[in-house]
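See below for the structure under consideration.
FYI, it's all coordinate maths here, none of it is from the lab. Predicted, not measured: the structure shown is a model, and the values here were computed from it. All Cβ positions, even for glycine, are placed from backbone atoms using ideal geometry, and neighbour counts span all protein chains on display.
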Amino acid sequence: MLHHFIPDAEPPPRSRGGEPSIVVVPIGARDVLRAAFVWNLAFEIAREGASADIVGPDDGDPTALWPYVGAGPLGTGVTIAAAHGPADLLRAARDLADARTAESTHGIVLARVPPGWLGTAADAGTLLRWSLLFSAADRRDLLETYALAKRLLCAAPSMRIGVVIHGVRRVAEAERAFSRLAQAARRHLGARIASYGLLVDDLHLVRSIASRRPVGLVHPQSPAARALRDVARLILADACGDGDA
Amino acid sequence: MRRLALAPVPPDPDLRALVRARLGDLGLALRVLAEDVTGLDASIDAVTVDLRGTVVLVLIGTAGRDLELLAHALAQRAWVREHMGDWLKLAPALGIESDAPVRLLLLAPAFGPRSLAAARAVDPEGIDLAVYRCVRNGAETDVLLEPVRLSGGDVAGHEDPTDVTAVPFRTGLTDADLGLSAAERRLFD
């Protein structure tokens, strides 16, 4: 089990009455790698029996990031919203969550927010409660991830920030990377970030982008699929309110 | 002897033209069929054909995005394979060998170990990698290409001499956009 490195999470933003949780994922318009993580993660969340939707803004060609728009495997969905800022986008995510409430006991809406929008993210108000960041273990990626966390916390100081470390070969490498991020956030931002584990460096992920089929569907027992599944379970545990033990 | 001075990477069309002029340096005899071709919802820098009629897709990446370039290229190759039949019907005189596999030639300022391992594992015979360096040539910019060996012995990823502070992050933000203090940056040194 690839698990939390440090069990220091604040109480998670619980799903209210089965309403899917909205998780902000800052992803640039050409960041196909992180988009692939999110898309594969949505599939694993759905496989756990929860609803899983991705919503993103109409800021270019959506199929540059996502393999399709609309319904996908296991009821996952990609929705493109005519949003002009984070508030618009997260309202669209909330509408999607509301629509899902009647159908599902719990679930996740992953809202892809362009990083350039985070400066005005405070406009989204209380919808800005939970964010998931993906970082490699190298200095440059950690700096970028820290900067994203800083922007998010400026917009919503009580926001829960979760981090997944990717592209590592060993758990110890991910632990060190997360530890550096966590220490920097604690010292300079006065915030505690939560670990959502790691994604191993697995070629199946690269192939899934090309084939446009989730890793968990094509190679369900691959290290990449299993790691994604662990991340999905951690997220769902927090969304259901039983991950803060 | 004059020292080579690195130059900023020119805009895409200029870079494509420079690379096109230097493809012979890689020992590849490629005939360019079309440039800046819209493939799978994104652009393929050049569609070329070699002497055997094999289609070679040329894709040029930017610093720090070599793994992204590989994923993009694999997706584009899958798309081209699907559409090869149409191309052959529309333009049988292109000299394309219908049964030949579609090859990839990827160019980037550097290839990291993950990209090299991925390329080697996915298709070492069908993917060629080369690093490019933009250098000053008098008042103009030229490009130098150097092949990266994928099979047969150790691979070399090449150090990236690019000033990383000017290269956008994957998020699209630049170093200046991050707005971090020196003290914050030191925590990651």
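Worth pointing out:
- Residue in the stretch A:24-40 that is surrounded by the fewest Cβ atoms within 10 Å (Cβ to Cβ), counting only those that are within 13 Å of the chain's Cα centre (by Cα) and not hydrophobic (A, V, I, L, M, F, W, C): A:ARG34
- Contact annotation: residue pairs with Cβ atoms under 6 Å, 6 or more positions apart or on different chains, pairing a residue in the stretch A:22-42 that is facing another protein chain (nearest Cβ under 10 Å) and closer than 19 Å to A:ARG229 by Cα with a partner that is surrounded by 23 or more Cβ atoms within 10 Å (Cβ to Cβ) and among the aromatic types (Phe, Trp, Tyr), are A:ARG34/A:PHE134.
- Residue in the stretch B:44-59 that is without any contact (Cβ under 8 Å) to a residue 40 or more places away in the chain and over 21 Å from B:PRO147 (Cβ atoms) present: no
- Candidates A:TRP66, A:TRP117, filtered to the one that is assigned to a helix (DSSP H, G or I), among the aromatic types (Phe, Trp, Tyr) and at negative phi: A:TRP117
- Scan of the stretch B:63-113 for residues that are more than 12 Å from every other protein chain (Cβ to nearest Cβ), among the aromatic types (Phe, Trp, Tyr) and in a helix (DSSP H, G or I), ordered by number: B:TRP87
- In the stretch B:172-189, the residues that are within 7 Å of chain A (Cβ to nearest Cβ) reach residues that are of a type in the set (Asp, Glu) and assigned to a helix (DSSP H, G or I) with C-beta atoms within less than 8 angstrom, at least six apart or across chains, in these pairs: B:LEU173/A:GLU144; B:LEU178/A:GLU144.
- Within the stretch B:89-135, the set of residues being hydroxyl-bearing (Ser, Thr, Tyr) and within 15 Å of B:GLY64 (Cβ to Cβ) comprises B:SER115, B:TYR132.
- Of the numbered criteria (1) within 11 Å of another protein chain (Cβ to nearest Cβ); (2) aliphatic (A, V, I, L, M); (3) crowded, with 21+ Cβ neighbours inside 10 Å, the one A:LEU189 fails is (3).
- Scan of the stretch A:148-186 for residues that are in a strand (DSSP E or B) and within 11 Å of chain B (Cβ to nearest Cβ), ordered by number: A:HIS166, A:GLY167, A:VAL168
- Of the residues in the stretch B:134-144, none is crowded, with 21+ Cβ neighbours inside 10 Å, in contact with a strand residue (DSSP E or B) (Cβ under 6 Å, 6 or more places away or on another chain) and assigned to a loop (DSSP other than H, G, I, E, B).
- Some residue of the stretch B:46-62 being part of a loop (DSSP other than H, G, I, E, B), surrounded by fewer than 19 Cβ atoms within 10 Å (Cβ to Cβ) and within 14 Å of chain A (Cβ to nearest Cβ): yes
- For the stretch B:123-133, the set of residues classified as part of a strand (DSSP E or B) and of a type in the set (Asp, Glu) consists of B:ASP128 only.
- Count of the stretch B:104-144 residues, restricted to those that are under 24 Å from B:ALA17 (Cα atoms) and of a type in the set (Gly, Ala, Ser), is 6.
- Scanning the stretch A:122-147 for residues that are more than 14 Å from every other protein chain (Cβ to nearest Cβ) and within 19 Å of A:ASP59 (Cβ to Cβ) returns A:ASP123, A:ALA124, A:LEU127, A:LEU128.
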